[in-house]
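For reference, the structure is listed below as structure tokens.
The values are calculated or read from the model by the stated rules, or taken from the named source; none is laboratory data. The structure displayed is predicted, hence computed values, not measured ones. Reconstructed Cβ throughout: ideal geometry from the backbone, glycine too, with neighbour counts over all protein chains shown. Surface accessibility is based on the protein's heavy atoms, side chains included, excluding ligands, DNA and RNA. Shrake-Rupley method; radii C 1.70, N 1.55, O 1.52, S 1.80 Å.
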Amino acid sequence: MRTIKLSIQYDGSLFFGFQRQKNVMTIQELIETAIHKLYKRPIKVQYAGRTDRGVHAKCQVVVYNDEGKIPLEPLKQIINKKLGFPLVIDIEETHSTFDPRRDALFREYEYWMYEGKQNIFLDRYLLYVQNIQLDLMQECAESLAGIKDCRNLCTEAKQYKNTKRIINKADLKKTTLDFLGYKKTAYRFAINANSFLQHMVRKTIGLMLEVNNKKLSLEQFKQIVDGKLTYKWPPAPAKALFLSEIGYKGRK
């Protein structure tokens, strides 16, 4: 028996998240259906993490077992052909005990925003913000690093036994985006942690935007993050959120 590790990219716009659910299309169902057709038997995959409805991935990790009859590179091509979408970008054999979720040292998400003149094509994958206060937003981002009780930064905190997470780093950087010939000033928020709670990144971005829009002060932001102040605010839209990296031992 061989253990196959797939690194997969997908556009989550038309899907109800990664994890299989009843009566809706998910990325997991799409992958398992394609593999079922290939091997002529049901196969349930393991995966590194759930992404919510509308969230994308640059590097989701999926693992399953097969009999090892098809060489890896042809197997990658066959799976991609059967999938059509999403896209397997890497394939390798791994050890039989590898668990893509529990063995992960960290996960990183990125969230993209832009300002200036609004563009319908950029709006598919980026959030338009009329006026981004870069220095203020950077201060918000930098204050997130450390061991944090993130119960205020998630949905339904009661579902978790422990809401503390280790946020390794968070930052917001200004860059130039060239997309379909449209050059725009864009902003990439990246957050790296040992794991994430439900809607945690979108809630964090939403809270940062409350500060950006002068509805909250920086100090109030920090108090909410630290659980010292309660406040209700909307999460940022899913369309601009990407699972961008998953780290395992021996790799960055």
Answer from Y64, Y47, Y125 - the residue that is open to solvent by less than 90 Å² (accessible area, probe 1.4 Å), among the aromatic types (F, W, Y) and within 23 Å of A186 (Cα to Cα): Y125
When the residues of segment 212-227 are narrowed to those that are within 17 Å of R165 (Cβ to Cβ) and open to solvent by 20 Å² or more (accessible area, probe 1.4 Å), which ends up modelled with the highest pLDDT? K222
If you go through segment 133-152 one residue at a time, how many are within 21 Å of E108 (Cβ to Cβ), in a helix (DSSP H, G or I) and open to solvent by 50 Å² or more (accessible area, probe 1.4 Å)? 3
Every residue in segment 108-122 that is open to solvent by 60 Å² or more (accessible area, probe 1.4 Å) and among the polar types (S, T, N, Q), please. Q118
Residue tally, condition of a type in the set (S, T, N, Q) and buried (at least 21 other Cβ atoms within 10 Å of the Cβ), over segment 196-211: 1
Filter result for the condition that a residue is in contact with a strand residue (DSSP E or B) (Cβ under 9 Å, 6 or more places away or on another chain) and either within 29 Å of Q19 (Cα to Cα) or touching a residue at least 12 places away in the same chain (Cβ under 8 Å) (or both), over Y182, Y187: Y187
In segment 50-60, the residues that are more than 16 Å from L14 (Cα to Cα) and open to solvent by less than 10 Å² (accessible area, probe 1.4 Å): Q60
Is it the case that segment 97-107 has a residue that's over 20 Å from the mean Cα position of the chain (by Cα) and either buried (at least 17 other Cβ atoms within 10 Å of the Cβ) or over 20 Å from Y10 (Cα atoms) (or both)? yes
Taking the residues in segment 1-46 that are in a strand (DSSP E or B) and in contact with a Leu (Cβ under 9 Å, 6 or more places away or on another chain) as candidates, determine which candidate is farthest from L87 (Cα to Cα). I4
